[in-house]
């Protein structure tokens, strides 16, 4: 892992792009110094200071060896980003105390310092002003020695990190509870601890001209599809943006079908999930500063797969998966089907149901369609408010929401009771698969609209449109509906159901086409 | 680009054609329809028909109230009368949930096809509407009856007819069956009979007995006992009660029918035509009203023979009655002949009325007594 190397490659890329149509960051490009470092310590310090001017956290500390007066040194770093102890104990103290006159036949003093004096595990020398400035910004310490046009970059960064906690968004009953954090290095450690294999590869790059966000592409080199990997690299290289704050930026920038409400790039905050996906031949993209690690390719079955499925008994897992799939389909269709039957096909209702529905509609002024749109909107408003509110205010929202969605609306004859019931059912079903929220909300409104103009035919027609849309989708060349359209062979083993582990001998097709065999079943295995 | 436009056009066309190809559909709010529960058809005073509809009216809110309204309309045709409801209540009548059609005897005597046509032709009305004949002068007075189990009389009538198979006192025929029978060779339909009875000062409806038709015209009625016998011949008995007024082995015994199967078999001699009727009944002793032992071997045999003879006698008498009084083949003998002896049927088809009048029947009833319910012996009461 070499930050300077990746930094260098970034600058190399920038230089290339300067000649192209890159205008986003012309000012910062201009400020990039073509100057080389000089031999004079003061000149060098002034050079760095001038580049990082108007920044009061910049610390410039000069010191000198006790014995060799010529060894005037200086370290430059940003206050707060480095560990004081490391600087004091492993940079300043050794340089101050060691007897340089005695020990060193000073041909190249800097090299001698590097090899014999400075106590630090990560140390690189550099002549490039840009990379030196970059290192300071990233929290490294830069060491100058008078008389040398070369500086040492010393790793001493240390800042507050969030502890590894269980992700709020993906809870489970059984399974590992570690979650990714905002630190890329920590995340990589979490993954590496799960996949101890030399073929686990990491590729670093820096995206975002101002944020200079580290992005790491991880994969297992003998399983991953090279076409997908190359396509991913191409798409990442294409990104030319000033900043990446969260992996969501990248998720949207590299995805297929940008206008579809269905996800084509997955994410997880759990290292166990990402490790499992890597083992299936997928590629993970870790973005520094984001606990959500992206995985590609992402196909529709992954929406229904939960990590717990694989840790629990396969019977329960299959049942849960059935519940999730039917819940998602119902969440989308229930309001539309109800709408269609009640306003177009009353003859399809049993007489007692017709009578009670009719009774509940008496005196309600709005048409069913309108009241549905309003109630579903109110539900989404409440959901959004609840997600964004501080906990203390959230309580109030819940109470008001329950009233709005409950008794009061019926008593005031604004909507009929069944509409509220259907809205609530549909809303709860949506939350069962929160990952597909966007898709569910929009397809639900779409189907409801179709139902309100064409009845049950509209629902069927709308559903057909959605299915056609899904079957035309690809995620990095992999069909989006892969392995749900066929259940023969090994295709259906991990889609509608979760087959027992001993039968899942193959990895998913196409994604891991290069190396399909996941396990060979031992002869002594009893079944 | 051209391809794109073509796809868009194609999609538009497909979605447009859906509007026209989807058959009957219409946007209407559920509270804006007048749900017709049942209808009675009488002869009109000024126009041909007087159609009386029982319409369900709902009072919503926290407490749901189910009320009915009776509306009578005149018209020269069924549809004319029915559609004119808009002039009275402003809502269109909604027929998909109508359950019963009650016709007056006058209408039934003139022929029911005129009435039925609309029910089977219209898109809303269903063919599984039950058809009833009013025993009273008009059909609409049936709606004066007070329902017991449901707030809506027509819904109660539907339940009464639906469960009739466990009783066997009236045929439960809906319009589709009525039409089916009419359209078979030599078939004559029947219909249940409805009347109003005064029970404890309350007007209650009663469905008992059979209206006998010749083709689609009413010719007479059968009482409840004859109706059960008729259902035996038609193989329509699914359950019910057989009671004999005579003592058997010293007890009055009531049987509950569990299973009944009837087979018709035409017997053709050189000159005469006869119909063999094999009835197999599985029944259980359900009530014993005296101390005579009917459960023991002897008693059981006596009981069995008694009921076999009883049913044989009832069948013979009923067929004779229908032959002489109404001369209409309501039992489905003709269709049996048509199926089993198509050549013979061709010959006698023209003179079937005569043939039916002279048709001999031979009845073989077999009663199998399977148990005596929960008690193994009659009650022995010491004097």
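The values are calculated or read from the model by the stated rules, or taken from the named source; none is laboratory data. A quick note: this is a predicted structure, and the numbers were derived from the prediction, not measured. No Cβ is skipped: glycine too gets one built from the backbone with ideal geometry, and neighbour counts run over all protein chains shown.
Below, the figures for the structure above:
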item: Of the criteria (1) modelled with pLDDT under 85; (2) under 29 Å from residue B:157 (Cβ atoms), which one residue A:363 fails; result: (2)
item: Yes/no for residue B:303 being in the same structural domain as residue B:244 (by the TED database) and either under 16 Å from residue B:187 (Cβ atoms) or in contact with a helix residue (DSSP H, G or I) (Cβ under 8 Å, 6 or more places away or on another chain) (or both); result: no
item: Of the criteria (1) over 18 Å from residue A:325 (Cα atoms); (2) touching a residue at least 40 places away in the same chain (Cβ under 8 Å), which one residue A:463 fails; result: (1)
item: Tally of residues being touching a strand residue (DSSP E or B) at 6+ places or on another chain (Cβ under 8 Å) and within 30 Å of residue B:298 (Cβ to Cβ) across segment B:330-378; result: 13
item: Among (1) under 30 Å from the mean Cα position of the chain (by Cα); (2) assigned to a helix (DSSP H, G or I), the one test that residue A:116 misses; result: (1)
item: Output for segment B:74-107, where each listed residue is in a strand (DSSP E or B) and under 22 Å from the mean Cα position of the chain (by Cα); result: B:100, B:101, B:102, B:103
item: Residues of segment B:51-74 classified as buried (at least 18 other Cβ atoms within 10 Å of the Cβ), farther than 15 Å from residue B:95 by Cα and modelled with pLDDT of 90 or more, total; result: 1
item: Subset of segment A:415-447 that is more than 32 Å from the chain's Cα centre (by Cα) and closer than 18 Å to residue A:381 by Cα - its residue that is surrounded by the most Cβ atoms within 10 Å (Cβ to Cβ); result: A:419
item: Filter pass, residue B:45 being at pLDDT 80 or above, in contact with a helix residue (DSSP H, G or I) (Cβ under 8 Å, 6 or more places away or on another chain) and farther than 19 Å from residue A:457 by Cβ; result: no
item: Residue list for segment A:353-375, filter: more than 11 Å from chain B (Cβ to nearest Cβ) and buried (at least 21 other Cβ atoms within 10 Å of the Cβ); result: A:372, A:375
item: Hey, residue A:317 at negative phi and either surrounded by fewer than 20 Cβ atoms within 10 Å (Cβ to Cβ) or within 14 Å of chain B (Cβ to nearest Cβ) (or both) or not; result: no
item: Matching residues, segment A:215-254, being surrounded by fewer than 20 Cβ atoms within 10 Å (Cβ to Cβ) and assigned to a loop (DSSP other than H, G, I, E, B); result: A:221, A:222, A:239, A:240, A:241, A:242, A:243, A:245, A:246
item: Residues of segment A:122-143 classified as assigned to a helix (DSSP H, G or I) and farther than 17 Å from residue A:210 by Cα, total; result: 1
item: Failed condition for residue A:329, given (1) closer than 19 Å to residue B:32 by Cα; (2) surrounded by fewer than 18 Cβ atoms within 10 Å (Cβ to Cβ); result: (1)
item: Number of positions in segment B:302-329 that are touching a strand residue (DSSP E or B) at 6+ places or on another chain (Cβ under 7 Å) and without any contact (Cβ under 8 Å) to a residue 24 or more places away in the chain; result: 0
item: Residues being outside any loop (DSSP other than H, G, I, E, B), touching a residue at least 60 places away in the same chain (Cβ under 8 Å) and touching a helix residue (DSSP H, G or I) at 6+ places or on another chain (Cβ under 8 Å) - total across segment B:143-186; result: 7
item: Residue A:408 being farther than 23 Å from residue A:441 by Cα and within 14 Å of chain B (Cβ to nearest Cβ); result: yes
item: Residue, surrounded by the most Cβ atoms within 10 Å (Cβ to Cβ), within segment A:279-306, restricted to residues that are farther than 23 Å from residue A:201 by Cα and touching a helix residue (DSSP H, G or I) at 6+ places or on another chain (Cβ under 6 Å); result: A:304
item: Strands (runs of 3 or more DSSP E) wholly inside segment B:234-292 that include at least 2 residues being more than 23 Å from residue B:169 (Cα to Cα) and either in contact with a helix residue (DSSP H, G or I) (Cβ under 6 Å, 6 or more places away or on another chain) or in the same structural domain as residue B:368 (by the TED database) (or both); result: B:253-268, B:273-288
item: Residue in segment B:101-121 that is surrounded by fewer than 23 Cβ atoms within 10 Å (Cβ to Cβ) and within 18 Å of residue A:346 (Cβ to Cβ) present; result: no
item: Single unsatisfied condition, residue A:273 versus (1) surrounded by fewer than 22 Cβ atoms within 10 Å (Cβ to Cβ); (2) touching a residue at least 12 places away in the same chain (Cβ under 8 Å); result: (1)
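So that you can scan it fast, the table gives a plain yes or no per residue for (1) under 30 Å from residue B:33 (Cα atoms); (2) within 14 Å of another protein chain (Cβ to nearest Cβ); (3) modelled with pLDDT under 90:
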residue: A:327; (1), (2), (3): no, no, no
residue: A:345; (1), (2), (3): yes, yes, yes
residue: A:395; (1), (2), (3): no, no, yes
residue: A:400; (1), (2), (3): no, no, yes
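Yes or no, residue by residue, for (1) in contact (Cβ under 8 Å) with a residue 12 or more places away in the chain; (2) more than 14 Å from chain B (Cβ to nearest Cβ):
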site	(1), (2)
A:447	yes, yes
A:459	yes, no
A:474	yes, yes
A:479	yes, yes
A:486	no, yes
